[in-house]
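To start, the structure itself, in structure tokens.
The values are calculated or read from the model by the stated rules, or taken from the named source; none is laboratory data. From a predicted model like this one, the values you see are computed outputs, not experimental measurements. Here the Cβ is made from the backbone with ideal geometry for all residues, glycine too, and neighbour counts use every protein chain on show. Just the protein is used for accessible areas: all its heavy atoms, side chains included, with ligands, DNA and RNA removed. Shrake-Rupley method; radii C 1.70, N 1.55, O 1.52, S 1.80 Å.
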Amino acid sequence: MKKVNQLSEADHKLVTAAVSEAEKSTDGEIVTIVTDLSDKYHDAGLQWAIGITFFFLSTLAVFPAFYQSIITGLFGGWEQDFTTPGEQMAVLFIASVTLFLMMRYLFAWMPLRLLVTPKSTKQRRVRKQAIDFFKVGAERRTMGLTGILIYVSLKEHRAEIVADQAIAEKVSPEVWGEAMVALIDEVRAGRPGEGMAAAVKHVGVVLKEHFPKTDKNPNELPDRLIEI
């Protein structure tokens, strides 16, 4: 995925400052990542194209006379009924293929593809991408296994918080609910930088409670906001 640069320089500074401030009180290491889109959802577009084509063929089976009248008209009208079953099948085959290709082209438009993709599918894809990024950039990269990722996918209006082993053992996922609400509300309002900063603040409070700052914990993960 290419870098999107959806956030301003001010947003980057705001989030970086929030991470630095939160980590002053905890041994936890907060990583923030934002991306434009977590998945292309090509399969959703394909499924809709197939579904619409199948619906067309189903109506053909239920109302054959209607479609036959259209085909007969194309071949000369009611008074010149010279169409054969083979000719009719060829026309229907061409119509089905044409409809399928038109739908594939239509659903190539990302805003529409996102609109028709089920929320549950988008949630799963964003979660998977967040976990993948966490495994690459934060998992088991701190001495105390106290890394945590705040991940935002802008076009899906979805966010995820993924924590390393030590944090996951002490903090249940429900605890991050307040941070997620603050984050998503700001993203939907077009203020992703402020949303991430607010989420960092909430996460920092939780980490401070369970993993207070000690003298033996260096800054092991980057504080800066990462755009992917």
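General observations
- Spin-label model, Glu174/Phe66: points 7 Å from Cα along the beta carbon direction are separated by 5.1 nm.
- C-alpha long axis of helix 192-210 to longest principal axis of the chain, angle in °: 50 degrees
- Long-range amide H partners of Ile226 with built H, under 5 Å: Thr32, Ile33, Val34
- Axis of helix 9-22 versus longest Cα principal axis of the chain: the two differ by about 50°, to the nearest ten degrees.
- Here the 3J(HN,Hα) profile of the range 157-171, calculated from phi with Karplus coefficients 6.51, -1.76 and 1.60 at θ = phi - 60°, is 6, 10, 9, 9, 10, 10, 10, 6, 4, 4, 6, 4, 6, 9, 10 Hz, Gly and Pro shown as x.
- 0 to 90° range, to nearest 10: angle between helix 64-74 axis and the chain longest Cα axis: 70 degrees
- Protection-proxy order for peptides 32-45, 169-182, 50-63, each taking the mean of Cβ atoms within 10 Å per residue, highest first: 32-45, 169-182, 50-63
- Each residue of the range 126-137 was assigned a 3J(HN,Hα) from its phi angle through the Karplus curve 6.51 cos²θ - 1.76 cosθ + 1.60 (θ = phi - 60°); the sequence is 5, 4, 4, 5, 4, 5, 4, 5, 4, 4, 6, x Hz, with glycine and proline shown as x.
- Choice from Lys216, Lys13, Lys128 with maximal GNM fluctuation in the chain (Cα, 10 Å cutoff): Lys216
- R0 of 41 Å, Cβ-Cβ distance Arg141-Ile52: FRET efficiency to nearest 0.05: 0.30
- Accessible area per residue was computed with a 1.4 Å probe on protein heavy atoms; Asp185 scores about 90 Å².
- Cα pair distances exceeding 27 angstrom across the chain, given as percent: 49 percent
- Charge tally around Val171: other residues with Cβ under 14 Å, Lys/Arg +1 each, Asp/Glu -1 each, net -4.
- Ellipticity estimate at 222 nm from DSSP helix runs (n ≥ 4, -39,500 (n - 2.57)) divided over the chain, nearest 500: -18500 deg cm²/dmol
- Out-of-range pairs (alpha-carbon distance over 24 Å; input Lys13/Lys208; Lys40/Lys128; Lys155/Lys213; Lys13/Lys122; Lys24/Lys170; Lys24/Lys122): Lys155/Lys213; Lys13/Lys122; Lys24/Lys122
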